[in-house]
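Single-structure report; data block below.
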Amino acid sequence: MDSEENKIIMPKKRTSLDSLSLSDTPVEGKTEKQKPARQTTASDKPRLIKQTLYLPEAVHEQLRVLAFYERVKQHDLLMEGLDMMFKSRGAKSISELTGTDE
């Protein structure tokens with residue numbers, strides 16, 4: 001057997017961003033320093049829970065078509081429907097529950 005046939009070709013190791021040197025020297029064409037990214041905290045965003053929704057195919061298709069023609073996300077239409085249902089039952093609206101102006 002030829003030893004060349006038994007060689008295992010290892011992929012090149014990728015360079016991670018941590019290993020790159022980020023010095024304060026300006027990049028050509030840039031004259032001012034960039035502001036550091038603002039740190040977000042858990043309190044900045046409302047906690048979201050994933051919910052699976054099983055829809056009959058015809059219902060899904062109608063929702064998809066409405067979202068397309070109204071140029072909105074299906075999620076937005078579903079949230080609108082939930083808000084209408086909450087209000088019709090005398091429950092708090094989504095904006096009241098989340099403290100947002102939606």
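The values are calculated or read from the model by the stated rules, or taken from the named source; none is laboratory data. As the structure is a prediction and not an experimental result, all values here were calculated from the model. Note: ideal-geometry Cβ built from the backbone for every residue, glycine included; neighbour counts use all protein chains shown.
Which residue is modelled with the highest pLDDT, if the candidates are limited to region 35-50 and must be under 17 Å from the mean Cα position of the chain (by Cα) and part of a helix (DSSP H, G or I)? Only one residue fits best here, namely 44.
On inspection, residue 63 does not qualify as at pLDDT 85 or above and loosely packed, with under 10 Cβ neighbours inside 10 Å.
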